[in-house]
Each structure stands twice: as structure tokens, then as C-alpha cells.
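The structure appears below as C-alpha cells.
The values are calculated or read from the model by the stated rules, or taken from the named source; none is laboratory data. On a predicted model such as this, the values are computed, not experimentally measured, just so you know. Using ideal geometry, Cβ is built from the backbone for each residue, glycine included, and neighbour counts are taken over all protein chains shown. Side chains are part of the model used for accessible areas, which takes the heavy atoms of the whole protein and leaves out ligands, DNA and RNA. Shrake-Rupley method; radii C 1.70, N 1.55, O 1.52, S 1.80 Å.
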Amino acid sequence: MSIGQSAVTGWPWVTLALAVVLVGVHAVLALAGPVDVDVLVRWGAKAGPLVVEAGQPWRLVTANFLHRDWPHLGLNLLVLVAAGVALERVCRRRDYAALLVTAGLITMAGSLGWSGAVSVGASGLVYACVGALLVLSRRYRGRLAKSRWMSGESALPTVLVFLWMGWTSVGVDNAGHLGGLLTGLLVGAFLEPRALSRGLVRPVGLVVVAGVVAALVVGERSGWRLERDDTFGVSVLLPEGWRGEEDGQGRRSFSNGLPGLGRATFSAEVIEVGEPGDGAVQARHFQEETLVPGAPGPEGRTLKVAGPVPTRVGGRDARRVRAELEGPGGDTYLMAFFVPRGEWVYRLVFTWPAAYPAYEAVVDRMVAELRFGEPALLREARARALLVPGAPGPLRVLGGELRRWGQAEAAVAPLTDAVRLAPSHVETRVELARALFETGRVDEGCHAAAEARVYGPSDTGALEAGVRCELARGDVARALERLEEARRLDPRDARLRAAEVSLRAVLESPARP
């Protein structure tokens with residue numbers, strides 16, 4: 001029997017079995033309801049974040065058996081059956097099966113290396129079969145006369161048409177297509193007709209090489225990067241594949257890119273509170289406004305809430321709130337931290353899918369690597385004070401920024417120098433008084449407040465400093481008198497009005513002796 005004759009004998013069981021599996025898998029999905037992105041992810045689509053962050057590299061195999069819709073499946077089956085049957089009749093089944101496994105791994109690994117987006121389909125297998133048959137038929141052109149379906153010049157237009165369709169269409173995984181084609185071309189250089197092929201070294205070697213390549217790609221995509229926000233001096237370590245998103249509310253937001261099932265996010269926001277605190281007020285507000293049990297929220301309907309509880313983040317005291325939410329992509333865990341820093345509170349919110357427990361370790365690492373550096377405004381104020389030494393203006397700005405960012409002790413020295421250089425500047429004296437109060441130096445703070453009143457008897461800031469003096473001494477009634485005096489000078493000041501309401505509430509409280 002000649003090589004050409006042996007190439008057309010026997011049933012193409014591998015190709016037929018693969019076709020039946022592809023049709024069966026999609027039929028099961030279609031019968032269960034619409035096949036959307038969440039369904040494909042749940043059944044094993046290639047989703048970069050789940051492969052490299054949730055520890056699911058098996059998706060590089062299962063993604064080859066899933067399809068978006070019947071036309072997608074039908075087009076792949078049309079070419080796969082034609083090219084696969086021809087190739088299976090030419091080669092040994094074990095070599096052909098090794099080609100399919102190799103192509104599936106390399107295709108999805110190439111897709112992962114290019115993008116972490118969700119990808120499915122047997123297109124890579126199709127391109128691999130076409131590429132391998134093209135090379136094999138050209139190498140043994142004289143011996144495979146009866147296997148001309150895709151040999152020689154007839155295969156090239158088919159490949160070019162399919163590639164052109166991919167590059168000109170939206171949502172097509174061209175990296176996977178090219179990966180499959182290159183795999184087929186390379187493997188085709190090692191394939192031989194079944195009459196000439198012997199042993200298991202070739203098929204086993206192909207699968208091993210494909211596994212190594214896939215592992216290298218997964219490892220390369222598993223890196224982390226440091227994301228910094230110089231404006232507010234915060235940095236966080238993020239998985240390499242995470243990208244920034246615009247939320248329209250001034251937050252810095254990042255996500256793993258998945259639209260529904262498997263989605264994980266991180267958002268950072270800095271809230272100006274006006275007074276040093278411990279973050280508990282903002283934590284309770286977030287819990288009461290955003291995480292109302294049973295009510296829908298931005299991330300889904302709230303199921304459970306725990307907290308706020310004291311904790312530490314980035315070496316700073318903080319408050320933590322945990323919640324379990326029911327979102328469109330399934331149950332989601334939420335963890336929010338409220339980290340005070342002077343007159344600001346950082347609100348850091350993490351969410352991750354409950355369906356993928358490995359993501360908790362990813363979030364834990366992000367939390368552990370959070371760092372708080374010097375904000376841009378403070379750094380610029382420090383630079384200006386160094387560039388113009390002895391000038392009261394830059395010293396006043398530096399002292400004010402130091403105090404606002406929670407460094408009241410360091411703020412005292414530049415503010416004292418600024419007062420000495422410009423003794424009539426009331427705002428500087430008010431800032432100095434506040435810095436002294438915040439460091440616990442009450443007598444010195446009251447003296448600075450009194451001096452501010454001397455230079456600015458009608459200045460509401462100086463009057464407010466006097467209020468702080470009385471509060472620091474524990475005399476709430478006297479503080480209210482000072483505050484009423486300030487209110488008479490500026491009755492439209494909403495901040496003073498709110499402070500007056502709060503002080504009256506304290507005085508009228510039945511718990512007060």
C-alpha cells in the first residue's frame with residue numbers, strides 16, 4: 001500500500017468526536033438560557049484575571065470548547081471538520097491529537113499574552129489544522145496526491161481570507177488566530193504521514209513544549225506593579241493586568257477588567273473632613289448610606305455588614321468595614337478602610353468575587369502593600385520654603401500644610417518663625433494656635449489665640465481660635481459664648497452655624513453633669 005492510499009483509509013474518529021463535543025457543549029449552554037459573557041466565564045472561558053490571579057490555568061484548555069453563538073460554532077466546525085478529517089487521515093491519530101492539544105494551549109496562551117479579555121472558541125484549532133496541513137502537504141506533495149483539499153496554493157487564499165475577516169471585525173481574538181496558525185505551521189514541519197511516523201516522542205514532546213510555553217506566558221502575566229497617586233501621597237501594589245477606570249466621581253478606580261462574574265475592583269478617595277479624627281464617622285456614614293442591608297448599592301444588594309472595627313493599614317490607624325453583596329455577577333465581598341490623616345480621611349474600597357476564593361489572597365497582598373507618602377501639596381510647600389528661606393509666606397504655607405496632613409508637631413516651628421517675621425498676620429497666628437492645640441499644648445495654644453484676637457479683633461478665625469481654647473480647657477459654655485460672638489460677625493458662615501448647633505446639643509444633653 002502506498003503512502004497516498006494509506007492516507008485516505010479509516011474513520012476520522014478524533015475529528016468527529018471533537019465536533020460532537022463542541023456541538024454538545026454549546027447545546028447545553030444554549031438550552032440553559034442566553035449565552036452571555038458571565039455564562040462563558042462560569043463554564044471556563046479564557047479570562048486573564050482568573051487564569052493568573054485566581055489560579056485557574058485550566059481555562060487555557062476549556063476555552064477552546066466554548067463558543068459565543070451558533071454562527072461562531074458553525075463557521076469553526078465547517079473548516080475544522082474539512083481540514084481535520086484530511087489531516088487525521090494523513091497522520092497518526094496520536095500525532096493529530098497532540099497537534100490539537102498543542103494548538104489549544106498555544107492559542108489561548110497567545111491570547112492571554114496579548115490581552116486578559118474574555119476569549120472562547122476553537123478558531124485556534126482550525127488555524128492550526130490548516131497551517132499543519134499546508135506545510136505537510138507541501139513537504140510530501142508527490143506522495144499525498146489524494147489529499148488535496150487544502151494543499152499548496154489552494155490553502156493560502158483560505159488562510160488569508162480568514163485572517164482578513166478577523167482583523168476587520170470587532171471582538172475577534174486575532175492573537176489567538178495567529179497563535180494557532182503559527183503553531184500549525186511549526187508543528188507541520190515535524191509531522192509525517194502515518195506510514196513514516198513511529199514512536200511517542202514526537203506527540204509527547206509537542207504537548208510538553210506547549211505546556212512549558214503556556215506556563216511561561218502565565219508566569220509573565222502574573223506580575224505586579226506599583227500604582228502611585230502623588231496628589232494625596234498614597235501608593236498600592238496592583239496585579240499587572242489591572243487598569244484604571246473613570247467612575248465620574250473623582251475617585252481613582254481600578255479593576256481586573258471583567259464586566260460581571262469574576263470582577264474585582266479597588267477604588268481610592270480622599271475626603272476632606274476639616275478636623276482631625278479617627279475615621280469612625282466616615283466609616284459609619286459609608287455603612288449607613290451605601291451598605292444598607294437589603295438595599296441595592298453601586299456593587300449590588302447588601303446581604304451582610306460587619307464593622308467598623310479598628311485596624312492598621314500602611315502603618316496607620318484605620319477603621320475597617322466588611323460586607324457581602326449580591327451583584328449581577330454573583331455574590332461579592334467588599335472591604336473598606338477609612339484611614340485618617342490630619343484633616344483628611346482616605347477611603348479605600350476593595351471588592352472581589354465570592355465565587356473565586358483565591359482572590360482574597362490578592363486583596364490581602366494589596367492591603368499589606370498600601371503605603372502613605374508625602375502628598376504633592378506638602379512636598380511643594382516644603383520646596384518653596386527651602387527656595388525662599390526667611391520669607392514668612394512660604395513658612396506659613398508649609399506650617400499650614402503640615403498641620404492639615406496630620407503633622408501638627410512639625411508645623412509648630414515654621415509657623416512660629418512665620419509669626420516672628422510677620423507678627424501682624426492674623427491667619428498665621430490662628431494656624432499656630434491650631435497646631436499647638438492639636439499637639440496638646442493648651443496653654444501655649446490659648447496664648448496664641450489671644451494674640452490673634454489682639455491683631456484681629458473682628459476676624460472670625462481669631463474668634464474661632466478662642467472657641468478652641470475654651471473647648472481645650474473643658475469650658476463648653478464659655479466656648480459657646482465665643483462662638484455666638486463669631487456668628488454675629490459672620491451670620492452666614494455655615495461652618496460656624498453647624499458648630500453652634502453641636503455645642504448647644506452638648507450643653508443640653510441630659511448626660512452632662
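Can you tell which of 369, 380 is in contact with a Ser or Thr (Cβ under 9 Å, 6 or more places away or on another chain) and modelled with pLDDT under 95? The conditions single out 369. Criterion applied to 371, 319, 379 was being among the charged types (D, E, K, R) and either at positive phi or crowded, with 19+ Cβ neighbours inside 10 Å (or both), and the one residue passing it is 319. Scanning region 330-359 for residues that are open to solvent by 10 Å² or more (accessible area, probe 1.4 Å), assigned to a strand (DSSP E or B) and hydroxyl-bearing (Ser, Thr, Tyr) yields 332, 333.
For residue 261, the conditions (1) crowded, with 17+ Cβ neighbours inside 10 Å; (2) among the hydrophobic types (A, V, I, L, M, F, W, C); (3) not in a loop (DSSP other than H, G, I, E, B) are fulfilled apart from (3). Residue under question is residue 131, and the condition is that it be open to solvent by less than 30 Å² (accessible area, probe 1.4 Å) and in contact (Cβ under 8 Å) with a residue 24 or more places away in the chain; does it hold? Judged against the criteria, residue 131 is a match.
So is residue 86 small (Gly, Ala, Ser), modelled with pLDDT under 90 and surrounded by 23 or more Cβ atoms within 10 Å (Cβ to Cβ) or not? Yes, satisfied.
Condition check for residue 212 on (1) in contact (Cβ under 8 Å) with a residue 12 or more places away in the chain; (2) closer than 30 Å to residue 112 by Cβ: one failure, at (1). For region 92-126, how many residues meet the condition of being part of a helix (DSSP H, G or I) and within 30 Å of the chain's Cα centre (by Cα)? The qualifying residues number 13. For region 275-311, filtered to residues that are in contact (Cβ under 8 Å) with a residue 24 or more places away in the chain and basic (Lys, Arg), the residue that is farthest from residue 407 (Cα to Cα) is 301. The residues of region 36-53 that are open to solvent by less than 10 Å² (accessible area, probe 1.4 Å), part of a loop (DSSP other than H, G, I, E, B) and either within 19 Å of residue 242 (Cα to Cα) or of a type in the set (Lys, Arg) (or both), listed by number, are 45, 47.
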